[in-house]
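All remarks here apply to the structure that follows.
Computed from the coordinates by the stated procedures, all read-outs in this text should not be read as laboratory data. Because the structure is predicted, anything quoted here is derived from the model rather than measured. Here the Cβ is made from the backbone with ideal geometry for all residues, glycine too, and neighbour counts use every protein chain on show.
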């Protein structure tokens with residue numbers, strides 16, 4: 001006789017980053033991307049066609065849009081719009097992500113205190129007296145009522161736990177050091193899953209705010225969803241953190257990773273993108289095995305939300321928060337004499353990045369004046385935070401000339417990071433630059449149809465250093481892999497590095513201004529360690545940028561020494577950027593040529609790396625027969 005079965009649907013969001021509404025606060029217009037309001041429509045439909053159903057979030061839900069920023073500090077009689085929306089949708093549980101800890105402790109405490117659903121994190125333990133006690137728990141067992149295929153009413157105990165990158169202890173060290181203690185993701189997951197089993201869970205779902213890696217697990221790894229999926233006490237995994245979609249064509253090719261079915265080492269897995277771009281859905285078929293239920297079959301899907309209408313109920317709930325955000329973001333702070341955009345930030349010196357570098361350097365020149373560090377060369381390292389990549393074709397900075405509203409600050413400085421300074425040698429600085437240059441593909445001289453970088457690359461890891469000059473030779477292999485491991489010890493893409501007009505001395509010390517995330521190891525940059533950090537008074541980079549624009553420095557576009565690609569004979573490469581690039585003034589650079597629109601809202605350009613007077617002529621010849629793929 002066939003055993004009775006039960007269907008259980010797990011709906012999952014991850015890395016929402018406060019994208020509650022499909023509204024582009026940076027451009028002050030409706031947006032075409034994802035939102036929780038779009039997902040709400042999908043969630044309602046899924047609940048209707050599913051029997052038993054759980055709605056879970058996988059972390060990084062509180063910060064990332066002006067809607068969230070406008071409601072800080074917490075309190076003052078205003079309910080947090082993210083928590084209000086999640087409560088209205090009836091989330092059954094939510095895991096914490098690393099970006100939750102970008103909030104000051106008292107703000108985080110006030111906001112999480114509004115949640116009426118369980119908050120989960122098994123690998124961050126609050127220390128006594130640190131002020132984080134009682135805000136979250138390792139896991140929870142949720143009783144789910146359902147009917148089996150024989151028509152009988154049954155209850156399935158679903159255990160859910162959360163884990164996040166232990167690197168939060170470095171990324172947010174100022175707020176959490178001495179207040180929290182972190183544990184390796186895999187070991188905490190094993191402990192939490194076993195505890196839920198002991199508490200009566202029939203099956204266990206891991207909310208792993210962590211990416212999928214093909215590399216063998218090592219203690220303390222940031223991206224450890226695969227290691228969690230290997231645990232025989234875990235029945236399903238929701239992954240996240242890296243803003244990718246799984247199942248889908250992205251998945252790394254490695255034994256045990258099935259990117260078509262959505263499975264890691266035999267465990268059903270889903271990763272639902274970022275900013276409400278997708279709804280994760282795991283349809284599990286459960287079958288009795290002894291006294292408990294077990295997974296007998298599954299379907300994993302990440303369903304896009306882009307063309308889904310927003311839920312009217314959620315729009316109404318958030319209307320007041322939306323109006324308050326508009327009032328806050330439209331406050332004028334300064335003036336720009338020219339358009340600022342990031343459409344070409346991956347291929348040349350870019351003003352949206354350079355303004356942040358100027359703000360950092362201006363502050364540090366004042367702050368370090370009269371100190372023993374005053375005589376050291378001062379450099380600024382900045383990455384474009386809104387430059388396409390995994391966030392899509394509309395995720396670019398685009399600020400018109402004229403009055404600068406407050407929303408422009410978050411447009412150029414997407415996350416509210418704090419300033420950090422590292423004391424490095426010239427040799428260590430070169431390694432930093434090599435890691436940044438690893439995001440580009442290797443180019444073969446004599447070809448014109450090769451990709452400069454992949455569409456889903458992480459541009460926020462592409463650091464440009466200002467205050468020195470250097471070239472990137474892409475005919476050479478990358479020295480580092482994306483995880484910061486030395487891939488080719490003999491490879492050196494950085495050439496001609498000069499400081500103050502002289503070749504960079506490998507032994508000379510420099511001060512490198514960056515942000516707390518990068519200085520704490522974010523992006524796996526070499527030599528980003530605590531012993532190289534310079535002690536500073538805490539200051540937000542958004543505050544520095546605001547001050548910089550308020551003092552009128554946005555009126556000039558004077559170049560700071562920086563980088564360029566090395567010229568390569570008879571060589572071109574193609575790349576994709578947002579379609580808005582066609583409305584932006586093309587940089588005065590004969591290297592760049594518009595090839596027209598391609599899929600998913602992108603536009604393709606050709607970069608001509610040919611030396612000297614031949615520059616541009618090669619591109620014109622190549623473009624005549626070029627057909628974008």
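Overview of results
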{"read-out": "Gain on full stretching of the segment that runs from residue 599 to residue 332 - 0.36 nm per residue minus C-alpha separation", "value": "92.5 nm"}
{"read-out": "Whole-Å distance, taken between Cα centres, linking segment 53-100 and segment 421-461", "value": "35"}
{"read-out": "Degrees between helix 351-367 axis and first principal axis of the chain (Cα, 0 to 90, nearest 10)", "value": "80"}
{"read-out": "Ranked by how many other beta carbons lie within 10 Å on average, peptides 197-208, 159-170 from highest", "value": "159-170, 197-208"}
{"read-out": "Bridge type composition, the chain - antiparallel percent by DSSP, nearest 5", "value": "70"}
{"read-out": "Overall form of segment 331-624 per C-alpha gyration tensor (a/c, 1.5; a/b vs b/c)", "value": "oblate"}
{"read-out": "Segment 176-241: C-alpha gyration tensor shape, a/c 1.5 cut-off, then a/b vs b/c", "value": "oblate"}
{"read-out": "FRET efficiency, residue 109 to residue 590 (Cβ-Cβ, R0 60 Å, nearest 0.05)", "value": "0.60"}
{"read-out": "The chain: relative contact order as a whole-number percent, Cα under 8 Å and 6+ apart", "value": "13"}
{"read-out": "In degrees, nearest ten, helix 541-550 long axis to first principal axis of the chain (Cα)", "value": "50"}
{"read-out": "Computed label-point distance, nm, for sites residue 475 and residue 442 using a 7 Å Cα→Cβ extension", "value": "1.4"}
{"read-out": "Bridge type composition, segment 5-325 - antiparallel percent by DSSP, nearest 5", "value": "65"}
{"read-out": "By average C-beta atoms within 10 angstrom, highest first, the peptides 275-285, 486-496, 457-467", "value": "275-285, 457-467, 486-496"}
{"read-out": "Cα centroid separation - segment 487-544 against segment 232-271, whole Å", "value": "34"}
{"read-out": "Ellipticity estimate at 222 nm from DSSP helix runs (n ≥ 4, -39,500 (n - 2.57)) divided over the chain, nearest 500", "value": "-6000 deg cm²/dmol"}
{"read-out": "0 to 90° range, to nearest 10: angle between helix 36-49 axis and the chain longest Cα axis", "value": "30"}
{"read-out": "Burial order of peptide ranges 226-232, 23-29, 54-60 (average beta-carbon count within 10 Å, highest first)", "value": "54-60, 226-232, 23-29"}
{"read-out": "Cα gyration tensor shape of segment 411-455, rounded if a/c is under 1.5, else prolate or oblate by comparing a/b with b/c", "value": "oblate"}
{"read-out": "For segment 180-279, share of DSSP beta bridges that run antiparallel, in % to the nearest 5", "value": "50"}
